[in-house]
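**Student:** Next up is a structure, given as C-alpha cells.
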Amino acid sequence: MRMTRYFLPVLKENPAEAQIVSHRYMLRAGMIKQQAAGIYSWLPLGYRVLKRIEQIVHEEQARAGHIPLLMPTLQPADLWRESGRYDDYGQEMLRITDRQKRELLYGPTNEEMITDIFRSHVSSYKDLPMTLYHIQWKFRDEMRPRFGVMRGREFLMKDGYNFDVDRDAALHAYNRHMVSYLRTYERMGLTAIPMRADSGPIGGEDTHEFLVLAATGESEVFFDSAVTDLRLGAREVDYDNREEVASVCKEFTTLYARTDETHDAALFDAIPEERRKVARGIEVGQIFYFGTKYSEAMGATVVTAEGTKVPVEMGSHGIGVSRLLGAIIEASHDEKGIIWPEGVTPFPVGIVNLKQGDAGTDAACDSLYKALAAVGLEALYDDRDERAGAKFATMDLIGLPWRITVGPRGLANGVVELTSRRTGVSEEMSAEAAVAKVAAIYANV
Ligand code: 5CA
C-alpha cells in the first residue's frame, strides 16, 4: 500500500478526551473515530489490526475443533424471557421495538440464541461434543464507557458455546478453551494470565478471566509472580486428550492468581512475600462452565447412550476482540507510539523513501515493494513528499515492527537500512538481504 493512496488520518496533537495511552495512540494513528459514546468507526489501519486479531482467533478455534457460525446482532426479547434474563439484565441491555411493536434487543451475549439453535436441531448424544462460536458485535449500555475500545458500548466479541452430554465432557470443553485461549493470546504477543473470577450475569460455578497486566487495567488482581513466567510456547497439545489438556490447565492455574472478586487473603499470605503481587489487569477474555442453567430453562435436551433424556451440559467462552487492540497497545508501546507484535501488525513492514522524486530512490523503493510482495508481505510504503523526520515519526507512531529506509547515500553503497521498531537497532544490508531477513521473521509468526 502506498501511503499517498491510503487513508491514514494521523493526528499531530494529543486528543484531549483520551486518558490512557492506547486510546490516545489509536486516535492519533488514525485507527478509530468515535461516533457516539462508546461507539467507534474502524478506520482502515484499525480495521486491519481488528481483522488480524479475528484471524488468529479463528485459526486457534479451528485447531481446537470449534465450529464457526454467525448469529444476528438483534434478538427477540421472548428468547430472553425463557431464560429469565430479559428482566435480570437491567439497564445494560439495549431494548428496541420494531414497527409491528415486536420487542427486540441488541445482543449483549448469545447464550439464549445458541441454545435455541441447538434445541431445534440436535437431540442425540451422537452429535456431541459440539462447540459453536461466532465473532459478532455486541452492545452493552455501559454506565461509563471509557478508554476508547477498552470499555465500549458496541464492541466485537468472540463468543463460543460448548454442548456436552455430561459434566466431565463439559469440563473438558472448559479446559480446551483455556488452552486454546492461552495459545491465542500468546500469538498476539500477550501474556494473559488465567485468574479465578466471579461469574456475574452469565452465571455458573466455574469461571476464569484472562488478564493482561497493565497499570491502566480496570481490574485489581492478586497473584504469585511466578505465574507471569509460564508460557505455552510452541508445544503441540492434543485437544482431544482430556488428561493432556487438563494437565496444561493445572500448570497454568495452580499458582495463586485471582481477581478482587474471588481474592482470598489467607491463601495469598501463604505465598512467599517476595512473590506476592498486587497489580492491575485488563480482562481480555473469560470462560464459564454453567452446566444446565440455560438448557434446563429452555428445554435443550439430548438422549444419552443409555436412552435417557437429559438437559445438555454447557459453558460459554468469550474473547474481547476489539478490546484486545487496546490491551496490546497498553502492553507494547513507547513514548513515540505503538509497537505492534508481528502477529497482529497492520502491515508487516514499512518502506521509507528518504528522497521522494529522486529517480534512483523511487525505483529502488518500487522494486523493494515488489520483492516484499513476492514473498507474501504487503509493505506500507511512505511515498509522501515529506521530510525524513516526519516520515520516521509517522512510522514510529503507527508502530510497524520493521522499517526499511532507502536513501541516495545508502544506494550508492548498495545498501538499505533495516530498523526494528522494538529495539530501535538499525542494520545496513542489501535490499535482497533485508527482504530475506523480514521474510524469515514472518515465516515464524
Ligand atoms: N457469554 C460470555 C462468554 S461468551 C460473556 O459474555 N462473557 S464476558 O461478559 O466476560 O465478555 C467476554 C469478553 O468481552 C470480556 O472478557 C471482555 O474482554 C470483553 N468485553 C466485555 N465487555 C466489554 C466492553 N464493554 N467493551 C469491550 N470489551 C468488552
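The values are calculated or read from the model by the stated rules, or taken from the named source; none is laboratory data. Note that this is a predicted model, so its numbers are computed, not measured. Glycine also receives a Cβ, built like all others from the backbone with ideal geometry; neighbour counts cover every protein chain displayed. SASA here: full protein model, heavy atoms, side chains in, ligands and nucleic acids out. Shrake-Rupley method; radii C 1.70, N 1.55, O 1.52, S 1.80 Å.
**Student:** Running Debye on the range 349-443 with equal point scatterers at the Cα sites and no solvent, what base-10 log of I(q)/I(0) appears at q = 0.17, 0.18 Å⁻¹?
**Tutor:** So the normalised log intensities work out to -0.65, -0.74.
**Student:** Give the ranking of Glu111, Glu82, Glu54, Glu342 by solvent-accessible surface, highest area first, calculated with a 1.4 Å probe. Display every interim value, and only then the final one.
**Tutor:** On the way: Glu111 0, Glu82 80, Glu54 30, Glu342 55 Å².
Highest to lowest solvent-accessible surface, that is Glu82, Glu342, Glu54, Glu111.
**Student:** Which residues does a label at Gln55 reach in the range 334-352, if reach means a backbone N under 18 Å from a point 7 Å past the Cα toward the Cβ?
**Tutor:** Output list for this probe position: 340-351.
**Student:** When you count, for each residue, the other Cβ atoms within 10 Å and take the mean per peptide, how do 37-44, 355-362 rank with the highest first?
**Tutor:** Final packing ranking: 37-44, 355-362.
**Student:** So what is the calculated 222 nm ellipticity per residue for the chain, using -39500 (n - 2.57) for each DSSP H run with n of 4 or more, over all residues, to the nearest 500 deg cm²/dmol? Mind showing how you got there, number by number?
**Tutor:** Numbers: 14 runs with 150 residues, N = 445.
So the calculated ellipticity at 222 nm is -10000 deg cm²/dmol.
**Student:** Provide the per residue accessible area, probe 1.4 Å, for the range 349-443, rounded to a whole number of square angstrom.
**Tutor:** That works out to 44 Å² per residue.
**Student:** Percentage of Cα-Cα pair distances in the range 147-283 greater than 18 Å, rounded to whole percent?
**Tutor:** Roughly 59 percent, rounded to a whole number.
**Student:** Sticking with this one: So what does the Cα-only Debye profile of the range 1-114 read at q = 0.13, 0.15, 0.22 Å⁻¹, as log10 I(q)/I(0), no solvent term?
**Tutor:** Result of the Debye calculation: -0.80, -0.95, -1.12.
**Student:** Mean shadow of the range 53-201, computed from the convex hull of its alpha carbons, in nm²?
**Tutor:** If I average the Cα hull's projected area over directions, I get 10.6 nm².
**Student:** Rounded to the nearest 0.05, what FRET efficiency do Thr97 and Ile441 give with R0 = 56 Å and r taken as the Cβ-Cβ distance? Could you check?
**Tutor:** The pair Thr97/Ile441 has a calculated efficiency of 0.55.
**Student:** Next up: To the nearest 20 Debye, how big is the dipole of the chain about its Cα centre, given +1 on the beta carbon of each Lys and Arg and -1 on that of each Asp and Glu?
**Tutor:** So the dipole magnitude of the chain works out to roughly 1460 debye.
**Student:** Ok, one more. How compact and how long is the chain, expressed as Rg and Dmax of its alpha-carbon atoms in Å?
**Tutor:** In Å, with Rg to one decimal and Dmax whole: 24.2, 81.
**Student:** So, one more: For the chain, set up a Gaussian network in which alpha carbons nearer than 10 Å are linked by springs, and say which option among Pro348, Pro201, Pro15 fluctuates the most.
**Tutor:** Pro201
**Student:** Is there a quick way to get the dipole size of the range 349-443? I mean about its Cα centre, with the Cβ of Lys and Arg at +1 and of Asp and Glu at -1; what is the value in debye to the nearest 20?
**Tutor:** In debye, rounded to 20, the range 349-443 gives about 240.
**Student:** Next question, about the same structure. With a 1.4 Å probe and all protein chains left in place, how much of the accessible area of the range 178-292 comes from carbon and sulfur atoms, in whole percent?
**Tutor:** Looking at the range 178-292 in its full context, I get 46 percent from C and S.
**Student:** Subtract the Cα-Cα distance of Leu267 and Glu251 from 0.36 nm times their separation in residues, and report this length gain in nm to one decimal.
**Tutor:** Using 0.36 nm per residue and subtracting the Cα-Cα distance, I get 4.0 nm.
**Student:** Hey, any idea what % of the range 300-442's accessible area is carbon plus sulfur with a 1.4 Å probe? Before the final figure, lay out each step's value.
**Tutor:** Numbers: 2940 of 5530 Å².
Carbon and sulfur: 53 percent of the exposed surface of the range 300-442.
**Student:** Can you give me the orientation-averaged projected area of the convex hull built on the Cα atoms of the range 221-347, in nm²?
**Tutor:** 12.8 nm²
**Student:** Mind giving me the FRET efficiency for Ser41 and Glu205? R0 is 35 Å, r the Cβ-Cβ distance, nearest 0.05 is fine. Don't skip to the end; give the middle numbers.
**Tutor:** Details: r = 40 Å, r/R0 = 1.14.
So, using R0 = 35 Å, E works out to roughly 0.30.
**Student:** If you count, for each residue, the other Cβ atoms within 10 Å and average over each peptide, how do 156-168, 218-230, 394-406 line up from highest to lowest?
**Tutor:** Numbers: 156-168: 21.2, 218-230: 17.0, 394-406: 23.0.
Ranked by mean Cβ neighbours within 10 Å, highest first: 394-406, 156-168, 218-230.
**Student:** Another one. Counting heavy atoms of the protein chains only and a 1.4 Å probe, report the per residue accessible area for the range 3-338 as a whole number of Å².
**Tutor:** Heavy-atom SASA per residue in the range 3-338 reads 44 Å².
**Student:** For the range 403-417, just list the computed ³J(HN,Hα) in residue order, Karplus coefficients 6.51, -1.76 and 1.60, θ = phi - 60°, integers in Hz, with x standing in for Gly and Pro.
**Tutor:** 10, 10, 9, 10, x, x, 5, x, 4, 4, 9, x, 10, 10, 10
**Student:** When the label point is put 7 Å from the Cα of Thr292 along its Cα-to-beta-carbon vector, which residues of the range 153-184 have a backbone N closer than 18 Å?
**Tutor:** The answer is 162-172, whose backbone nitrogens lie closer than 18 Å to the label point.
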